[in-house]
1. How would you rank Trp32, Trp48, going from fewest to most other Cβ atoms within 10 Å of each one's own Cβ?
2. For the range 2-86, just run the numbers: alpha carbon Rg, then divide by 2.2 N^0.38 Å, N being how many residues it has.
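The numbers here are math on the coordinates, done by the rules we state, and not lab data. What you are looking at is a predicted structure, and each value in this text was computed from that prediction instead of being measured. Neighbour counts run over all protein chains shown; Cβ positions are idealised from the backbone, glycine included.
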Amino acid sequence: MHEEALLRDLRRKVRELAPAGGTVRIVRVRLWVGALAHVTPGSIRRRWPEVVADTSAAECQLEIDLSTDPSDPAAQRVRLVEMTADDGPGGVG
């Protein structure tokens, strides 16, 4: 269940940065998936709605960068790289 642990950790990070009931809406999230993370971008995309269901990122665009370098020290990790918030009427910041 390595995938479950990765997704739980990702959910925790998203919740910390985009808490439910917040006034800021997250419109884009970018993830980095290590070459040895034992999770595919497809499986993350399928589970994403569940992962962010009760956060300000619930309807965000998901971008995933997949590493092909198994020698990277973080090759077994999935990292939350960036979250972009809608800063109200006028744009995204």
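1. With the sparsest Cβ surroundings first, the list reads Trp32, Trp48.
2. Normalised Rg, Cα atoms only: 1.05.
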